[in-house]
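*Asks:* I'd like to ask you about the structure that follows.
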Amino acid sequence: MSEIIIKNGFVFDPLQGIRGDKVDIAIKDGKIVETTALTNPKTIDAAGMTVMAGGVDIHSHVVGPKVNTGRLFRPEEKLFQNIKKTGSRMEMGTSIPSVYKTGYDYARMGYSYVNEAAMPPLHSPHVHEEIRDTPIIDISAMPVFGNNWFSLEYLKNNEIENNAAYTAWLLRATRGFGIKIVNPGGSEAWGWGLNCANIHEPVPYFDVTPAQIITGSIETNEYLGLPHSIHIHPNNLGNPGNYVDTLETLKLAEGYTAKNAFGRTQVMHLTHLQFHAYGGEGFNFESKVPEIMDYVNSHDNITVDIGQVTLDETTTMTADGPFEHHLRAVNNLKWANVDVELETAAGVVPFVYSANNKANAVQWAIGLEIGLLAKDPMRTYITTDHPNAGPFTRYPRVIKWLMSQAAREAQMDAFKHRDKVIDVTNIAGIDRELTLYEIAQMTRAGTAKALGIADMYGGLAPGMDADVAIYNLNAESMPSDAEEIEKAFSRCAYMLKDGIVAVKDGEIVAEPAKRTIWVDVKVPENAQVNRDIYEHFLKHYSLKLENYSLFEEHLHNPRVIEVNAAE
Amino acid sequence: MPKKIENVGCPYCGVCCDDLVVTVSDDGRKVLEVENACAIGNEIFQHASSEGRISLPRLRQPDGTYKDISYDEAVDYAARVLIKAKKPLIFGFGSTNCEGMAAAAKVAEKAGAVLDNCASICHGSSFLAIFDNGYPSCTLGETKNRADVIVYWGSNPAHAHPRHMSRYSIFPRGFFTGKGHKGRKIIVIDPRYTDTARVADIYVQVKQGQDYDLFNAFRTVIRGEDIPDEVAGVKKEQILQVAEILKKARFGTIFYGMGLCHSDGRNHNVDIAISMTRDLNDFTKWTIMAMRGHYNIAGPGVVWAWTTGYPYCIDMSKKDRAYMNPGETSSVDLAMRDEVDAFFNVGTDAGAHFPIEAVKHLKKHPWITIDPNICMASEISDLHIPVGIVGVEVPGIVYRMDNVPIQYRQVLNPPDGVISDEELFERIHQRISEIEAEEGITQTSAAAAGTQTSFVGE
């Protein structure tokens, strides 16, 4: 394979502590190597440019049934597009792009890894079919556990070993990556049209509280020593006053420390925090970010991502079935719902975030406050909860807002209710502008560490995958116009995947093979769990156990992370 | 020794039973016994090893007879037809796997074809309603485990989906439904007193073509308003009685079929059915589900949505983008207007199911049938390419009527030399690329002559 050396660029690699120094990056056979290992490399001259590892997205909805329901039931968002076909396949869709557009657009932004945030286990063959067709980017997918009948039963009785054995079985059955929890207990309650409004409200029939589900899941995760921590979308999303529930949820992690061999230090990743940091009530809601971020900043065993509202028309989708039903009544647009037997319940509703709407503008401010009040960018990550708060293609815009106070002020001046928004938020008083180093922490180094994959992704140390993004940004003389920042991050100058140049000057030039990352955990044989699995499939699932686990032939280009919890 | 293969998925209807046990002969050539399948499913397996299977592509000769040709020749013929055509139509996919559908989409994009599936003449009206109003649904196991009220409206599973009632809706005992049939109320709404209606607790005889009115009446009553003494041929008392059951349910599912999609109102019937489901969720939990016909007819909608963003009627003639407008880009309409100049009939029988005028127009142009079986379409084709029977000879993923993916198995070897839909479409794709490369010179000269849109090989 070819050898490449990237010369003269300003390198930002937080995993190695490189802060914009001019370091040569050497690539051989798809891996980063020492420069001395090269014999006759091709040179990429990155003079005046910024070099980072390929981006690692910790939370995004890109493949699977609810994403595809969004694509299917929104033909309107494909009209009037002016698309130029540059890759091997056409690119369709906006907030919920086709798999091809998803892969190409991530690559154009310099991303090489995406963690699909919610895989209904029953639909895992669907998820893997879409992964097969998504070009360039490596993908892992987290099966949802927080409303799974097996877990509800085990955690009610505090049977951590059994829950762990079941978790290991399900990760293997679905070729999944880690423990995702969405509205614990609430989505099961939605089976009866109900919800769990806070972490103490017991789940109908199962009589276990969301708090028990969360702590039990943390214990399960650390018992197994998985690469990633539990990844939670807490109860009561989107409701004013919910910061109380969020703080209570975060506090459940107290006393737990990470046990794993992957360099991960958190025991809880709380996702799209923006939706969970609201004070006040009704339409008079307000930012409670300082309270929440004070807590996050002072507790090392927690990581969060933002879920930034980008003020676009988008498509909300979540395994929080009751929330989507609630949203349907807010905007009266079309509503899709899929309750999945024994496992979860998802909904999909289109949504328009408008700068003219006070509530949406407050959400915008809350999201940015999270990024700007973060003391440790290695524990606070940039996401838009794609496509819920906005499409992932807006990451460059989010980066612009975080890096430029002028850009934020320009946006605030465009709000119809500017003064009211400023009254109930803290954004106007924050003059912090994040640095390129901090952006690298929030978009690759930190996320790779939290996912437990920082030995392969998110950095540029020898031995790691040669996934590299080169942005047209001169770190020594940053553009005075913040728009240039957004432009640079939207279309990178180069994106290399496994040492192959996939993007040049913002366009796709090659489509190197992508991978499916999954976690295979060895656990002791557990007769009770085997019997429970047998029983539930015999009596309650609508398909056979033998047809549920993903067939090997439907797993595409796998990269397995092995964990031994049997000792 | 005959071999027993368990947990086999059935390639008949959208119920996708995956509990079949198939016994095959020692040499893997013949199905000896099929357990658990309905009569129709059983027949599909038996048919696979019956006499008279086609094992080579057949090309129409000037004298009107078919002549056997090799797969290479057939692939070349198909590729050249696609290259030459300005707007080919690739239609069908009721009976193949998702791998084949994905490969077909790749070919359609390359060839600038219109890609459409049987929903176009079936549940397409459901798609129109879903585009407008959403789809509050669930998986079939949810219905089995929770539902205490079941509505079949304009569908007759006793005949069309033989094991639907026993596997998922009326009879099974689920987690919260331990009493099975005894714990459920069954409501059947249909102009005909069907065999499904015979097992109903309440049969509502709606006047033919007046389903919309009846939905309207239910919605009105559910909201607490008054209605006339009779609506759509149904007495007010019965409407009130049913509405009360709907509101008092713990969990309900409405299963609807062609009775809504293809009677007066069509997509509007489905639309208001969805609206009623939305309304009912203000009181309790309700879901709705289309009774999709073939075992994998949900598949193309799913696969092509992630490919192009559209489930059906996908016009890719521009090659760099897709466009959907049912009525304009739907197969029968295209055919009736004689707008397509080549036709691929894949895993279906357009010869039997399209209006005769549409067939006559399509027949003016090259017609290629890709299907394991002899059918009306294959008998009027210019080229018939046999493929393995999915679910019997070819494994793969299919989507059940509730969009749950089911992994199907192979129980028999296909007849010697017969390939899968997926391999066939991959080879056609490959062949188009080769021919385009060979004829690259003509392409360049056309571009040099200032032709803005050059159709290769024209």
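*Asks:* Which whole-number percentage describes the relative contact order of chain A, with Cα contacts under 8 Å and a sequence gap of 6 or more? Working shown, then result.
*Replies:* Values: 1414 pairs, mean separation 114.6, N = 567.
Answer for chain A is 20 percent.
*Asks:* How are the alpha carbon pair distances in segment B:373-434 distributed across 10 Å bins from zero to the largest one, expressed in percent?
*Replies:* 20, 36, 36, 8
*Asks:* Sticking with this structure for a sec: Give me a single rounded figure for B:314-322: the average over its residues of other chain Cβ atoms within 10 Å of their Cβ. Before the final figure, lay out the partial values.
*Replies:* Values: counts 1, 0, 1, 0, 3, 2, 7, 9, 7.
Whole-number average of other-chain Cβ neighbours for B:314-322 is 3.
*Asks:* Measure out, as a whole number of angstrom, how far apart the alpha-carbon centroids of segment A:437-486 and segment A:200-245 sit.
*Replies:* Going from one Cα centre to the other spans 31 Å.
*Asks:* Okay, moving on. Over the alpha carbons of chain B, what is the largest minus smallest coordinate on each principal axis, giving the biggest first in Å?
*Replies:* Computed over the Cα atoms, the extents are 74, 63, 36 Å.
*Asks:* Based solely on C-alpha atoms, express the radius of gyration and the Dmax of segment B:124-290 in angstrom.
*Replies:* Computed over the Cα atoms of segment B:124-290, radius of gyration and Dmax are 14.5, 40 Å.
*Asks:* Taking every Cα atom in segment A:1-150, find the radius of gyration and the maximum pairwise distance Dmax, and write them in Å.
*Replies:* 19.1, 58
*Asks:* Another one. Within 10 Å of each candidate Cβ there may be at most 11 other Cβ atoms; applying that plus a DSSP loop requirement, which GluC sites (Glu not before Pro) in segment A:455-490 survive? Before the final figure, lay out the partial values.
*Replies:* Numbers: sites: A:476, A:483, A:484, A:486; in loops: A:476.
When the GluC sites (Glu not before Pro) of segment A:455-490 are filtered for loop state and at most 11 Cβ neighbours within 10 Å, A:476 remain.
*Asks:* Per residue and in cubic angstrom, what volume does the convex hull of the Cα atoms of segment A:27-87 have? Could the numbers behind the result be given before it?
*Replies:* Numbers: hull volume 12.6 nm³, N = 61.
About 207 Å³ per residue, rounded to a whole number.
*Asks:* Among A:8, A:25, A:60, flag the residue with its Cα farthest along the positive direction of the charge dipole of segment A:3-85, charges on Cβ as +1 for Lys/Arg and -1 for Asp/Glu.
*Replies:* A:60
*Asks:* Put +1 on the Cβ of each Lys and Arg and -1 on the Cβ of each Asp and Glu in the protein assembly as shown; which of B:115, A:450, B:290 then has its Cα farthest toward the positive end of the dipole?
*Replies:* Of the candidates, B:290 comes out farthest on the positive side.
*Asks:* Which GluC sites (Glu not before Pro) in segment B:1-98 pass both tests, a DSSP loop state and at most 13 other beta-carbon atoms within 10 Å? Each step should come with its number before you reach the end.
*Replies:* Values: sites: B:6, B:33, B:35, B:43, B:51, B:73; in loops: B:51.
Sparse-neighbourhood loop GluC sites (Glu not before Pro): B:51.
*Asks:* Hey, another quick one. Compute the normalised compactness of segment B:281-335: alpha-carbon radius of gyration over 2.2 N^0.38 Å, N being the residue count.
*Replies:* Values: Rg = 15.2 Å, N = 55, 2.2 N^0.38 = 10.1 Å.
Relative to the rule-of-thumb radius for its length, segment B:281-335 sits at 1.50.
*Asks:* Towards the positive end of the charge dipole of segment B:124-290, with charges on Cβ (+1 Lys, Arg; -1 Asp, Glu), say which of B:281, B:269, B:126 has the farthest Cα.
*Replies:* With unit charges placed on the Cβ atoms, the residue in question is B:281.
*Asks:* When you have a sec, figure out the Kirkwood radius of segment A:288-421 from all distinct Cα pair distances and drop it here in Å to one decimal? Spell out each step's value before the answer.
*Replies:* Details: mean 1/r = 0.0627 Å⁻¹.
Across segment A:288-421, the inverse of the average 1/r is 16.0 Å.
*Asks:* For chain A, with only Lys/Arg (+1) and Asp/Glu (-1) charged at the beta-carbon, what is the dipole magnitude about the Cα centre, in debye rounded to 20? Before the final figure, lay out each step's value.
*Replies:* Details: 50 positive and 72 negative charges, 239 e Å.
Here the size comes out at about 1140 debye.
*Asks:* Also, I was wondering about something else. Over 28 Å between Cα atoms, which of A:334/A:420; A:101/A:416; A:400/A:449; A:22/A:259; A:497/B:110; A:251/A:358 qualify? Present the calculation step by step, with values, prior to reporting the outcome.
*Replies:* Values: A:334/A:420 30 Å; A:101/A:416 33 Å; A:400/A:449 24 Å; A:22/A:259 36 Å; A:497/B:110 26 Å; A:251/A:358 31 Å.
Flagged as over cut-off: A:334/A:420; A:101/A:416; A:22/A:259; A:251/A:358.
*Asks:* In nm², what is the average projected area of the convex hull enclosing the Cα atoms of the protein assembly as shown? List each step's numbers first, then the result.
*Replies:* Values: hull surface 168.2 nm².
Taking a quarter of the hull surface, the average projection is 42.0 nm².
*Asks:* Also, I was wondering about something else. When N counts the residues of chain A, how does its alpha-carbon radius of gyration compare numerically with 2.2 N^0.38 Å, as a ratio?
*Replies:* Details: Rg = 22.3 Å, N = 567, 2.2 N^0.38 = 24.5 Å.
Relative to the rule-of-thumb radius for its length, chain A sits at 0.91.
*Asks:* Quote the charge dipole size of segment B:124-290 about the Cα centre in Debye, to the nearest 20; the model charges only the Cβ of Lys and Arg (+1) and of Asp and Glu (-1). Don't jump to the answer; show the numbers that get you there.
*Replies:* On the way: 22 positive and 18 negative charges, 194 e Å.
Approximately 940 debye in magnitude.
*Asks:* Taking chymotrypsin sites (Phe, Trp or Tyr not before Pro) as candidate sites, keep only those in a DSSP loop with at most 13 other Cβ atoms within 10 Å, then name the longest stretch of chain B containing none of them. Write down the numbers at each step before the final one.
*Replies:* Working: sites that count: B:193, B:283.
That gives B:1-192 as the longest site-free run.
*Asks:* Starting from the Cα gyration tensor of segment B:1-157, multiply each eigenvalue by 5, take the square root, and state the resulting semi-axes largest first in whole Å.
*Replies:* On the way: eigenvalues 228, 166, 35 Å².
Its equivalent ellipsoid spans semi-axes of 34, 29, 13 Å.
*Asks:* What are the radius of gyration and Dmax of segment A:461-520, computed over its Cα atoms and given in Å?
*Replies:* 14.4, 48
*Asks:* Hey, another quick one. Let me make sure I get this right: for segment B:122-202, a, b and c are the square roots of the gyration tensor eigenvalues over alpha carbons, sorted descending. Under 1.5 in a/c it's rounded, otherwise prolate if a/b > b/c, else oblate. Which is it? Mind dumping the intermediate values first?
*Replies:* Values: a/c = 2.07, a/b = 1.28, b/c = 1.62.
Oblate shape, in that a/c is at least 1.5 and b/c is the bigger or equal ratio.
*Asks:* Taking the Cα centre of chain B as origin and charging only Cβ (+1 Lys, Arg; -1 Asp, Glu), how large is the dipole, in debye to the nearest 20? Write down the numbers at each step before the final one.
*Replies:* Working: 48 positive and 59 negative charges, 297 e Å.
Using only the charged Cβ atoms, the result is roughly 1420 debye.
*Asks:* Just to be sure I follow: if Rg is taken over the C-alpha atoms of segment A:485-567 and Rh is the Kirkwood radius over the same atoms, what is Rg/Rh?
*Replies:* 1.23
*Asks:* Please list log₁₀ I(q)/I(0) at q = 0.27 Å⁻¹ for segment A:171-245, using the Debye equation with identical point scatterers on the alpha-carbon positions.
*Replies:* At q = 0.27 Å⁻¹ the computed log10 ratios are -1.20.
Only the coordinates and a few stated rules stand behind these numbers; no lab work does. On a predicted model such as this, the values are computed, not experimentally measured, just so you know. Heads up, the Cβs are rebuilt from the backbone with ideal geometry, glycines too, and the neighbour counts pull from every protein chain shown.
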